[in-house]
Amino acid sequence: MPDVITVRVQTDSDSFQEVVVQIERRTYNKPFLGGFRNMSTGVEFHNAGSQTKPKKRPDKGIQLFCKETQTVVEKNKQQQTRNTTSTQMTKIGLYVSNMTDKLITPGKYFTAEEYHKRRLEAVIVLQKYFRRWHAINLVRNLMEEKRLRLAREAQEELQKKREKEEKLRREYEKKLNPKTKEDFELLYHDLELWMQEETERINRTLTGAERKAALCALLEEETELIACIGMHKLNANVENQQKAILQLLQFYKLFLKCAQPRRWKAFDGKITEMDTQNTLRGKELLEIYRSISTKDIPKDERTSVLLTLKCTVKEHECKLTQEIVALIDREVDLMSREVKECNLEGLRKRICTLFLQYIKIPEFNPEVAGLLKVPQDPLKLYKNVYFCHSCENYLPSTEFPIPANSRTIGRCRSCHQLDNEARKREAYFKYRLILENLRKSEVDYQDDTKIVFLVQLPDMQYLIENIWNSQSALSACSDLYELVMVRWDKQHEWSPWNTILLTKEEADAHLKLCNLQKAYEAPFIYKIKQKHIRAKNYFAEFPAMSSFLRSTNNQANANSYK
């Protein structure tokens, strides 16, 4: 409806007048103040009071109240019995029935004190029932928590048992089918333990010529076992060499790394990948090598693969590519003459070997330059290369195990391993696990720790065997698979004089402590401090540890001064 309308009004019998009417929009709900409805059409008509805006009362500046808020509400109620004749009494000539009458007798009167006492007793009864219900629920919850805790402990115990059995099974499998250096290290260690037990038994039970004969027989048996271990080592070397060649290209050693795209993590955690020209070249060479290494393929596909390889190597002219092209032409010619597959096996191996050499050249595969152990620049060979006086070979610095107390370059890792197998026959596998777990845990602290990376396997072995007696400081557990080294005071970086040897569960509980003085008794803390002093005296002879020892002593003096 428009805001302004024009209304034509009849003023006389023959005259009309147009009146402009302004429509006012209502800003509230109008009350219904009466009206009527047309019965034939159903249209409702309101009176003028509900169609016009109500008149506002003038503000007199005085707060007024209505009558209802100023007067008391009164209510009149008649008090009359139901039976109007109930007051009529029986008399001569009138009978009033008393069947509906009730006999009311007064009860026992009780005072306010008795009333409150009765309510207090009722409240106490309610409290008893509530406390009983609450105690039942509390005991039920405690029993449920106990059941869950026992079930969790049983599950953890079963998990520990399974893990221990799995470790023993893996260790037995390693000894039965040795493949790596650690496996043969365990074999030689067990052989040495067996030799010591047998020698002790012979010396204890036999004398004279019988003892010498038994020792000779034991020596021959040891020689046979060493020869058997040597045969296993030769077989493992051959198998590992074959695996290394396959993994070199197929998995992660060299070629797959060359074919992998560049990856980096964005600020939101998403991984972005990008293929470069070098990675695409690596993928192309990887597909070609997989194709030429595949056996039992049709001749047409083999010919197509060889032609692709020929076009790829022809991009670079050298003696190696010329030899590969000549071998490819020879295989194609032999296949056209229907030569048997078995007679072509040696030729195909030569092609694969030469193509492998082709892949390792950075000029043909630029991505491989950063993955080769031997740098292509001859000048780089003079850096970080040392001479081993035992095997008389020049090797990179990574091949020399340098202890923290060493001042010169000693023997290489291979010579150390050979000397260990021939004389001491010690197994460093368990100590290596403890050291690796320790370094991983220290990296998680992110406080720039350095000492843990200076400690080597022989140092860790001395620390565990001589300082901590190869057992937990709390429970005296001697299973090295279950032991870990953690910080004694987690506020300072790990060091041989700030460490403790515990089981995994004890270590987790120890790292949650905030105050060591309150958690442990004074004799135990004194015992740990004595072990720290022994470790500090041993590692004080190491040149690399002297600076850390001085900083530790200065910090301790400052704390004592404070």
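The values are calculated or read from the model by the stated rules, or taken from the named source; none is laboratory data. Model, not experiment: these values are computed from the prediction. Don't worry about glycine lacking a Cβ; one is built from the backbone with ideal geometry, like all the others, and counts go over all protein chains shown. When the accessible area is computed, the model is the full protein with side chains, heavy atoms only, and any ligands, DNA or RNA have been set aside. Shrake-Rupley method; radii C 1.70, N 1.55, O 1.52, S 1.80 Å.
Data table
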{"read-out": "Total residues in the stretch 464-494, condition of a type in the set (Gly, Ala, Ser) and in contact with a Ser or Thr (Cβ under 7 Å, 6 or more places away or on another chain)", "value": "4"}
{"read-out": "Residue list for the stretch 405-442, filter: of a type in the set (A, V, I, L, M, F, W, C) and either surrounded by fewer than 17 Cβ atoms within 10 Å (Cβ to Cβ) or over 12 Å from Val484 (Cβ atoms) (or both)", "value": "Ile409, Cys412, Cys415, Leu418, Ala422, Ala427, Phe429, Leu433"}
{"read-out": "Residue among Asp448, Asp459, Asp444 that alone is among the acidic types (Asp, Glu) and not in a helix (DSSP H, G or I)", "value": "Asp448"}
{"read-out": "Every residue from the stretch 166-184 that is more than 32 Å from the chain's Cα centre (by Cα) and surrounded by 15 or more Cβ atoms within 10 Å (Cβ to Cβ)", "value": "Phe184"}
{"read-out": "Hits in the stretch 206-218 (condition: loosely packed, with under 12 Cβ neighbours inside 10 Å and in a helix (DSSP H, G or I))", "value": "Gly208, Ala209, Glu210, Cys216"}
{"read-out": "Number of the exception - Glu465 against (1) closer than 24 Å to Pro523 by Cα; (2) in a loop (DSSP other than H, G, I, E, B); (3) open to solvent by 60 Å² or more (accessible area, probe 1.4 Å)", "value": "(2)"}
{"read-out": "Restricting the stretch 326-344 to residues that are among the β-branched types (Val, Ile, Thr) and either under 18 Å from Cys311 (Cβ atoms) or in contact with a Lys or Arg (Cβ under 8 Å, 6 or more places away or on another chain) (or both), the residue that is surrounded by the fewest Cβ atoms within 10 Å (Cβ to Cβ)", "value": "Val332"}
{"read-out": "Unmet criterion (only one of (1) farther than 22 Å from Lys233 by Cβ; (2) open to solvent by 100 Å² or more (accessible area, probe 1.4 Å); (3) within 30 Å of the chain's Cα centre (by Cα)) for Met143", "value": "(3)"}
{"read-out": "Flag if Lys160 is closer than 29 Å to Ala427 by Cβ, open to solvent by 70 Å² or more (accessible area, probe 1.4 Å) and not in a helix (DSSP H, G or I)", "value": "no"}
{"read-out": "Any hit, the stretch 67-89, residues being among the β-branched types (Val, Ile, Thr), open to solvent by less than 100 Å² (accessible area, probe 1.4 Å) and modelled with pLDDT of 70 or more", "value": "no"}
{"read-out": "Residues of the stretch 345-362 that turn out to be modelled with pLDDT of 80 or more and open to solvent by 70 Å² or more (accessible area, probe 1.4 Å), as a count", "value": "5"}
{"read-out": "Failed item, numbered, when Lys490 is tested on (1) under 22 Å from the mean Cα position of the chain (by Cα); (2) under 18 Å from Phe539 (Cβ atoms)", "value": "(2)"}
{"read-out": "Residue within the stretch 469-482 that is at pLDDT 85 or above and under 21 Å from Phe548 (Cα atoms) present", "value": "no"}
